[in-house]
Amino acid sequence: MVFGPAKVAVFIDGCYWHGCPEHYVPPKTNPGYWSDKVARNMARDRDTDQRLEEAGWTVLRFWEHEPSEDCAARIAEEVEKRRSTARKAKREG
């Protein structure tokens, strides 16, 4: 999910596919392949975060098991903070 004007990018990561420290369980079938796949996903996630942050974006990541109300509140807080900062800069600019 992207909030373009505020430059906030939101990701909801699946516990299995993104290696949740609480819920990830290594696979029993073809563990080499799947564990490597999850490791690549995690590395790609970090690379994506870095690239977005270098471009001036705020990156928010949540796990699929987190309460949606908590995620929504954190997203709204960050988007409003970024919008307020942009409005202030525009007035002062």
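The values are calculated or read from the model by the stated rules, or taken from the named source; none is laboratory data. The structure displayed is predicted, hence computed values, not measured ones. In this analysis, Cβ positions are derived from the backbone assuming ideal geometry, glycine residues included, and neighbour counts consider all displayed protein chains. In case anyone asks, the SASA skips ligands and DNA or RNA and just uses the protein heavy atoms, side chains included. Shrake-Rupley method; radii C 1.70, N 1.55, O 1.52, S 1.80 Å.
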* To do: Work out the charge dipole of region 26-81 with +1 on the Cβ of Lys and Arg and -1 on the Cβ of Asp and Glu about the Cα centre, then indicate which of G32, A72, A43 is farthest towards its positive end.
  => G32
* Rounded to the nearest 0.05, what FRET efficiency do R51 and I12 give with R0 = 22 Å and r taken as the Cβ-Cβ distance? Could you check? => 0.70
* **Mean separation of Cα contacts under 8 Å, 6 or more apart, over the residue count of the chain: relative contact order %** => 40 percent
* **For the chain, Cys with no neighbouring Cys Cβ under 4.7 Å** => C71
* **All-pairs alpha carbon distance profile, the chain, 10 Å steps from 0, percent** => 15, 37, 29, 13, 5, 1
* Just from its helices, what would the mean residue ellipticity at 222 nm be for the chain, if runs of 4 or more DSSP H residues each count -39500 (n - 2.57) and the sum is divided by every residue, rounded to the nearest 500 deg cm²/dmol? -> -18500 deg cm²/dmol
* Point-to-point label distance, A76-A43, nm (Cα→Cβ direction, 7 Å offset) -> 4.0 nm
* Asked: With every protein chain left in place, what is the accessible area of M42 in Å² (1.4 Å probe, nearest 10)?
  -> 70 Å²
* Keeping all protein chains in position, work out how much accessible area Y33 exposes to a 1.4 Å probe, and write it in Å² to the nearest 10. => 110 Å²
* Mind ranking 63-69, 8-14 by how tightly packed they are, going by the mean number of other C-beta atoms within 10 angstrom, highest first? => 8-14, 63-69
* How large, in percent, is the carbon and sulfur part of the accessible surface of region 6-69 at a probe radius of 1.4 Å? -> 56 percent
* Asked: Excluding ligands and nucleic acids, what accessible area in Å² is computed for K81 using a 1.4 Å probe, to the nearest 10?
  -> 120 Å²
* All lysines inside 27 Å of K28 as judged from Cα atoms, apart from same-chain residues fewer than 8 positions distant -> K37
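Enter the accessible area per residue of the chain (Å², integer; probe 1.4 Å; all protein chains in place).
70 Å²
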* To do: Mind putting a number on the dipole of the chain about its Cα centre? Charges go on the C-beta only, +1 for Lys and Arg and -1 for Asp and Glu, and I need it in Debye to the nearest 20.
  => 480 debye
